[in-house]
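See below for the structure under consideration.
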Amino acid sequence: MSLARAHPPLPLPVVAAFLLLVIWGSIMPTRFRHMKNGQDTPFTLVLKGVPTAMAALFPLSCLILEMRSPYPGWMLAGLLFCLAGDVVLSLHFLSGGGLFLLGHLCYVTGLLSLQAPGGIHLLVFAAALAALLGLLLRLRKRFTDRLLFYGVCVYAAALAALLAAALPLPLAAGSPQAWCAAAGALLFVLSDITLCDNMLNARPVRNQYISLGIYYTAQILLGISTLAVL
């Protein structure tokens, strides 16, 4: 009789997320190596969008399986807007930021379809908005374009709304999907903070790896959160 203890197989979402992160770790060095003078080429833009496109397969599979919740549809829309933003951001920053803004609005709408807004949501929104705007005000002198600064402030409000819609979910549901949604939203905001720091302070390329790694992990978690109704 064998003394080896049988272990249950890893859940499919965990395996899929691990594979997506491996793919990201494989293609990002290729992307940076093929950029010309720090600028994306058509080939590197395709590589940049691959991980987000693969994260979108999670909500897409839910729609194919005819999950009745509106949540997967909204998350798929958000991921597709972000996928477009991945590409456009490298070509025109404000336009790309606008696409990400639309993506966040889709995320927020989807998350609020799972839990009606209440006092906890307003509290998280106010706290997050105050923290983000406070950070931007400290960095205001580094913005050479006033329009860009105000645009980023509007975007910060969307990030605060994302946190307000996502962070209370584990308190209400406590499911793995709820934790994925909350962690994904939190990491998305962290990735944007690091992106802002990279741009304003001219950080080295390795910092871009960190920022993108956080970003793709966030998108994967948001995609995985659609695999079951919360």
Derived scalar couplings ³J(HN,Hα) [the range 103-118; Karplus, 6.51 cos²θ - 1.76 cosθ + 1.60; whole Hz; x for Gly, Pro]: x, 5, 4, 5, 4, 4, 4, x, 5, 6, 6, 8, 8, 4, x, x
Could you compute the FRET efficiency for R206 and V154, with r as their C-beta to C-beta distance and R0 at 45 Å, rounded to 0.05? 0.90
When the accessible area of the range 53-194 is split by element with a 1.4 Å probe, what percent falls to carbon and sulfur? 73 percent
For K36 and A127, extending 7 Å from Cα along the Cα-Cβ vector and measuring point to point gives, in nm, a value of 4.9 nm
Pairwise centroid distance, computed over Cα atoms, of the range 53-86 with the range 166-209, Å: 18 Å
Per-residue [θ]222 nm for the chain (sum of -39500 (n - 2.57) over DSSP H runs n ≥ 4, rounded to 500): -25500 deg cm²/dmol
For the chain, dividing by residue count, accessible area per residue (probe 1.4 Å) in Å² works out to 53 Å²
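The values are calculated or read from the model by the stated rules, or taken from the named source; none is laboratory data. Predicted model, so just to flag it, every value in this text is computed and none were measured. Using ideal geometry, Cβ is built from the backbone for each residue, glycine included, and neighbour counts are taken over all protein chains shown. The accessibility values were calculated without ligands, DNA or RNA, using every heavy atom of the protein model including side chains. Shrake-Rupley method; radii C 1.70, N 1.55, O 1.52, S 1.80 Å.
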